[in-house]
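Below you'll find the structure, written out as structure tokens, and then a few comments.
The values are calculated or read from the model by the stated rules, or taken from the named source; none is laboratory data. Worth saying up front: this structure is predicted, and the values here are computed from it rather than measured. Reconstructed Cβ throughout: ideal geometry from the backbone, glycine too, with neighbour counts over all protein chains shown. The accessibility values were calculated without ligands, DNA or RNA, using every heavy atom of the protein model including side chains. Shrake-Rupley method; radii C 1.70, N 1.55, O 1.52, S 1.80 Å.
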There are 4 protein chains.
Amino acid sequence: MAKPNYIEDFQRWKESFKYSYPVTVRFSETDAFGHLNNTVSFVYFEQARINFFKEIGLAEEWFSRKGKTIPVTADLQCDYLHQIYFDEELRIFVKVGKIGNTSVDLHYMIQNKKGEICITGRGRMVQISQETGKPLSWSEQSKKRLEKSM
Amino acid sequence: MAKPNYIEDFQRWKESFKYSYPVTVRFSETDAFGHLNNTVSFVYFEQARINFFKEIGLAEEWFSRKGKTIPVTADLQCDYLHQIYFDEELRIFVKVGKIGNTSVDLHYMIQNKKGEICITGRGRMVQISQETGKPLSWSEQSKKRLEKSM
Amino acid sequence: MAKPNYIEDFQRWKESFKYSYPVTVRFSETDAFGHLNNTVSFVYFEQARINFFKEIGLAEEWFSRKGKTIPVTADLQCDYLHQIYFDEELRIFVKVGKIGNTSVDLHYMIQNKKGEICITGRGRMVQISQETGKPLSWSEQSKKRLEKSM
Amino acid sequence: MAKPNYIEDFQRWKESFKYSYPVTVRFSETDAFGHLNNTVSFVYFEQARINFFKEIGLAEEWFSRKGKTIPVTADLQCDYLHQIYFDEELRIFVKVGKIGNTSVDLHYMIQNKKGEICITGRGRMVQISQETGKPLSWSEQSKKRLEKSM
């Protein structure tokens with residue numbers, strides 16, 4: 001298995017995560033091959049990043065129904081290392097990889113109960129205006145919160 | 001298998017459907033037991049009823065982004081008669097069962113390629129105001145369109 | 001709202017649940033109307049009943065990969081009382097309604113944090129043989145476990 | 001928007017697709033931001049590649065229930081260029097990017113009705129043995145079929 005292009009030193013990368021979110025695999029998330037369907041990792045990524053954003057104080061405006069900005073996904077990558085099965089207890093790790101003017105690069109790591117890394121990933125989120133659909137720069141406060149989480 | 005309470009005469013019920021919508025079972029819709037996960041029939045029902053509403057001219061306001069009314073689900077029932085597997089080509093039949101002042105009772109029937117009825121169902125949709133969240137009576141036109149479809 | 005046909009006395013029904021399972025609404029489970037998509041309640045029902053079966057000691061054979069019997073859904077009903085939104089913390093209650101020879105009737109109740117009942121439901125599960133696809137009677141032990149939970 | 005690392009010349013890349021699969025966006029696939037939820041593109045990718053594999057004659061063994069090999073996802077990438085909304089009619093294009101000994105790199109392109117490219121992507125599938133879980137080399141026939149599709 002080739003190392004994903006978003007990881008330089010795997011050991012250091014792995015140890016740099018602070019935030020994680022617990023998920024137990026649902027039966028409806030498996031498929032007829034008997035394991036977690038490949039599309040579900042992105043559902044876990046989304047839920048973990050929203051909770052991460054809540055944790056560091058960024059989600060409030062986005063998910064209040066009067067918010068003027070929303071986060072949209074610019075790209076996503078996912079590498080599958082170990083099969084995952086029904087009822088496994090996973091931890092979905094999220095961290096900030098890089099902060100742009102209007103966007104943020106997030107990294108993801110999914111670990112099973114034995115401590116094996118089953119999935120790694122990354123993806124860029126962009127903050128856009130609900131009205132214009134165009135990217136909006138981070139406020140100073142948001143930028144600080146993203147930085148502080150690293 | 002007991003007859004569902006929304007069907008009086010099965011043969012007549014079956015023959016009274018006019019509208020149907022084709023669906024092929026996706027792999028991500030199966031589960032580790034190897035068949036269609038039970039939750040997916042409601043995804044098929046939803047898609048079929050929206051297409052049915054479009055067909056009879058009711059969906060326009062609901063799904064335009066400026067619409068002031070939306071349809072919400074009041075209740076749903078589903079009876080599973082035959083297992084369904086990956087890649088099966090199904091037809092999702094929909095028809096109006098009964099028309100209320102602000103709501104409509106829809107019936108559903110899912111048939112496989114051999115003509116076997118795999119799933120039957122029904123459910124009531126209510127038209128509500130986006131603003132108040134309260135039920136709104138059908139317009140004369142909408143009522144006529146629902147009646148005409150029967 | 002008419003009382004669902006599976007509830008006689010709502011207050012007594014509500015108080016008879018002992019088991020519940022916590023769920024927080026995921027963003028991917030909402031739809032463009034801004035609330036929980038109607039199809040997701042069945043995902044919650046499934047996850048809650050599997051956890052309920054685990055709790056009372058019935059799930060072991062079904063979900064081990066060597067099991068000879070599996071539970072299948074015979075029918076499902078769902079009544080929607082209150083809208084549910086992103087990030088709400090819900091409790092999915094499950095209880096045994098009635099025990100048959102090869103099947104069990106389960107009741108469901110979804111409550112939000114304010115204690116409002118948002119969704120009620122019921123459905124029959126049948127234990128079938130993986131090999132023949134035919135219903136199999138409960139073992140004495142399984143029957144006792146189902147009874148004890150009531 | 002930076003060019004994804006799997007595309008050298010966008011115009012040539014775009015024109016090199018031959019196979020496509022039609023999808024209409026389901027309501028349950030939207031989210032509370034009003035557009036297609038980001039996780040659904042992978043559902044479309046999966047369905048499109050399975051149909052592509054069927055088209056070129058590779059899917060037969062994998063999806064027969066007696067098959068000894070199955071395809072698993074090694075990695076996935078997705079770039080989001082244009083928002084997608086409910087009811088849009090899309091074409092999901094798939095093509096072989098590169099053929100390995102036991103794996104194949106697939107490219108994806110999602111186009112809306114106006115011809116705009118909304119999503120691009122790629123991912124590697126590996127053929128593994130159901131029994132051992134280990135990668136298995138392509139048969140000569142499979143390799144030829146993959147090559148012929150390019």
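With respect to (1) away from chain B (no Cβ under 14 Å); (2) at pLDDT below 95, the lone exception for C:Gly133 is condition (1).
Just one of the listed residues (D:Glu55, D:Glu15, D:Glu61) is away from chain C (no Cβ under 14 Å), free of Cβ contacts under 8 Å to residues at least 24 places away in the same chain and closer than 23 Å to D:Gly115 by Cβ, namely D:Glu15.
Within the group D:Val96, D:Val43, D:Val25, D:Val126, which residue is touching a Phe, Trp or Tyr at 6+ places or on another chain (Cβ under 7 Å) and either within 25 Å of A:His82 (Cβ to Cβ) or more than 7 Å from every other protein chain (Cβ to nearest Cβ) (or both)?
Result of the check over D:Val96, D:Val43, D:Val25, D:Val126: D:Val25.
A count restricted to region D:68-86 and to residues that are farther than 15 Å from D:Met125 by Cα, in contact (Cβ under 8 Å) with a residue 60 or more places away in the chain and open to solvent by less than 40 Å² (accessible area, probe 1.4 Å) stands at 2. Here A:Lys98 passes the criteria (1) under 14 Å from the mean Cα position of the chain (by Cα); (2) surrounded by 22 or more Cβ atoms within 10 Å (Cβ to Cβ) except the one numbered (2).
Evaluate region B:70-81: report whether one residue or more is farther than 26 Å from C:Phe63 by Cα and touching a Ser or Thr at 6+ places or on another chain (Cβ under 7 Å). Among the residues of region B:70-81, at least one is farther than 26 Å from C:Phe63 by Cα and touching a Ser or Thr at 6+ places or on another chain (Cβ under 7 Å), which makes the answer yes. Any idea which of (1) open to solvent by 20 Å² or more (accessible area, probe 1.4 Å); (2) at the interface with another protein chain (Cβ under 7 Å from one of its Cβ atoms) is the one C:Asn5 doesn't satisfy? Single failed check for C:Asn5: (2). Exactly one of (1) within 14 Å of chain D (Cβ to nearest Cβ); (2) more than 30 Å from D:Tyr85 (Cβ to Cβ) is unmet by C:Asp105. Its number? Among (1) within 14 Å of chain D (Cβ to nearest Cβ); (2) more than 30 Å from D:Tyr85 (Cβ to Cβ), C:Asp105 violates only (1). Taken as a whole, the condition of being more than 14 Å from chain A (Cβ to nearest Cβ) and under 22 Å from C:Tyr44 (Cα atoms) applies to B:Asp75. Taking region A:59-131 and the strands (runs of 3 or more DSSP E) fully enclosed by it, no element has 3 or more residues that are polar (S, T, N, Q) and farther than 17 Å from A:Thr39 by Cβ. Just one of (1) open to solvent by 30 Å² or more (accessible area, probe 1.4 Å); (2) touching a residue at least 60 places away in the same chain (Cβ under 8 Å) fails for C:Arg122. It is (1).
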